[in-house]
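This report refers to the structure that appears directly beneath it.
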Amino acid sequence: MDKIVARYEKLMGKKPSPEIRRLPNGEWTQTPAEQLRHSREIKIGNEGKRSGSAQFTLVLKEDKTSVRYASGNDTLEPLLPKLEAAHYPLEIPPDSAAILTVRLDVNCQEKSPCVATLVNPVPPRTQVAGATY
């Protein structure tokens, strides 16, 4: 446990706080697990008032981001351009031939922005929606 705390301090520049407290607005502070989960979420505008969920595949290369619809509610497929233009908290090293393939779970509710959540990388040589990666 001491090694984990020391590593956290080195990376974050502060000691971890397991304390959960009520904020002035009535909400509660997030646990570290909640903070991590939210760090993998990207909000996408929902001007079309879409509702539902779908899975997409995000392919990141140094010079290009592409997204493909995989499955789910097909009314969310028009979000492809927004998903491709979004900023993701992932980086490919400069001058690298690396390709990172990640699943995006997208959930939309009619009266709020859609939320795209980065999920574990897709295993190599996986076939998703008719395309082999």
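Of note:
- Unmet requirement for residue 36, which otherwise passes all of (1) exposed (fewer than 13 other Cβ atoms within 10 Å of the Cβ); (2) at pLDDT 90 or above: (2)
- Between 27, 9, the distinction of being at pLDDT 80 or above, more than 27 Å from residue 104 (Cα to Cα) and surrounded by 10 or more Cβ atoms within 10 Å (Cβ to Cβ) belongs to 9 only.
- A search for C-beta distances below 8 Å between a residue of the stretch 69-94 that is farther than 14 Å from residue 51 by Cβ and any residue that is assigned to a loop (DSSP other than H, G, I, E, B) and not hydrophobic (A, V, I, L, M, F, W, C), counting only pairs 6+ apart in sequence or on different chains, returns 82/45; 89/40; 92/61; 92/62; 93/62; 94/62.
- Given (1) surrounded by 15 or more Cβ atoms within 10 Å (Cβ to Cβ); (2) in contact with a Phe, Trp or Tyr (Cβ under 7 Å, 6 or more places away or on another chain), number of the condition residue 44 does not satisfy: (2)
- Residues of the stretch 14-28 that turn out to be more than 23 Å from residue 4 (Cα to Cα) and of a type in the set (S, T, N, Q), as a count: 1
- Test: residue in the stretch 14-23 that is out of contact with any His (no Cβ under 9 Å at 6 or more places or on another chain), without any contact (Cβ under 8 Å) to a residue 12 or more places away in the chain, exposed (fewer than 12 other Cβ atoms within 10 Å of the Cβ) and of a type in the set (Gly, Ala, Ser): yes
The values are calculated or read from the model by the stated rules, or taken from the named source; none is laboratory data. Not measured: the values here are computed from a predicted model. Quick reminder, even Gly has a Cβ in these numbers, built from the backbone with ideal geometry, and neighbours come from all protein chains shown.
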